[in-house]
1. Looking only at the stretch 103-153, filter to residues that are closer than 15 Å to LYS86 by Cα and basic (Lys, Arg); which one of those is surrounded by the fewest Cβ atoms within 10 Å (Cβ to Cβ)?
2. Give me the pairs, please: first residue somewhere in the stretch 39-51 and under 16 Å from GLY70 (Cβ atoms), second residue anywhere and part of a loop (DSSP other than H, G, I, E, B) and charged (D, E, K, R), beta-carbon distance under 7 Å, and either six or more positions apart or on two chains.
3. Report yes if ILE99 is assigned to a helix (DSSP H, G or I), among the β-branched types (Val, Ile, Thr) and either at pLDDT 95 or above or surrounded by 21 or more Cβ atoms within 10 Å (Cβ to Cβ) (or both), otherwise no.
4. Across the stretch 110-120, what is the number of residues that are free of Cβ contacts under 8 Å to residues at least 60 places away in the same chain and more than 17 Å from LYS90 (Cα to Cα)?
5. Could you tell me how many of the residues in the stretch 43-53 are surrounded by fewer than 18 Cβ atoms within 10 Å (Cβ to Cβ) and in a loop (DSSP other than H, G, I, E, B)?
6. Could you grab me the full set of residues in the stretch 117-148 that are under 19 Å from GLY104 (Cβ atoms), under 9 Å from the mean Cα position of the chain (by Cα) and outside any helix (DSSP H, G or I)?
7. If only one of ARG89, ARG93, ARG84 is over 18 Å from the mean Cα position of the chain (by Cα), within 17 Å of GLU114 (Cα to Cα) and not polar (S, T, N, Q), which one is it?
8. What are the pairs, 6+ residues apart or on separate chains, where a residue within the stretch 15-31 that is farther than 16 Å from LEU62 by Cα has its Cβ under 7 Å from a residue that is assigned to a loop (DSSP other than H, G, I, E, B) and not hydroxyl-bearing (Ser, Thr, Tyr)?
Amino acid sequence: MAIFFKRVHDLRVDNDLKQKEIAKMLKVNINTYPHWESGMYETPIEMIDKLSKFYNCSVDYLTGLSNEHGSFLKKFNSEEMFIRLKKLRKENRLSQAEIGNRLGFGQMNYCRYETGKILIPFSKLYLIAKEFNISLDYLMGKSDDKNIKTMVH
């Protein structure tokens, strides 16, 4: 399941960039990026990180979890992400089966994501962030702040 993030499109348009220019910056085939932007294909987590860096914004902002622009923090850290997924599960006193079933991807897959046997698809990481109201930047090891930033009025 891929997810369409309107803000990714809007940031490109606001910066007067064409999809092929973003594809070139990401070093991907010019036919691939439009599928990511439209949500037709799953955007790899590393590409979400590169887009965050390119637009100098948080992943939370890039994906619409936050309306606060934030800024590019640290680089994506897969090892830290595995640790934080496990920590999140334990803090919520859930087994791998419980969290996997709660989110619809089963114990075996969740176990693989948590132990680093396979890299979690970004759409699934996004579901975890939404379900537990936790920052994607935190889960990705880009920030040490768990909280999704909200605008102060």
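The values are calculated or read from the model by the stated rules, or taken from the named source; none is laboratory data. Remember, predicted model here, so these are calculated numbers, not experimental data. Using ideal geometry, Cβ is built from the backbone for each residue, glycine included, and neighbour counts are taken over all protein chains shown.
1. Checked the stretch 103-153; the qualifying residue surrounded by the fewest Cβ atoms within 10 Å (Cβ to Cβ) is LYS117.
2. ASP49/LYS75
3. So ILE99 fits the description; yes.
4. 2
5. 1
6. Scanning the stretch 117-148 gives a single hit, PRO121.
7. ARG93
8. Close Cβ pairs (under 7 Å, with a partner that is assigned to a loop (DSSP other than H, G, I, E, B) and not hydroxyl-bearing (Ser, Thr, Tyr)) amount to LYS20/ILE30; ALA23/ASN29; ALA23/ILE30.
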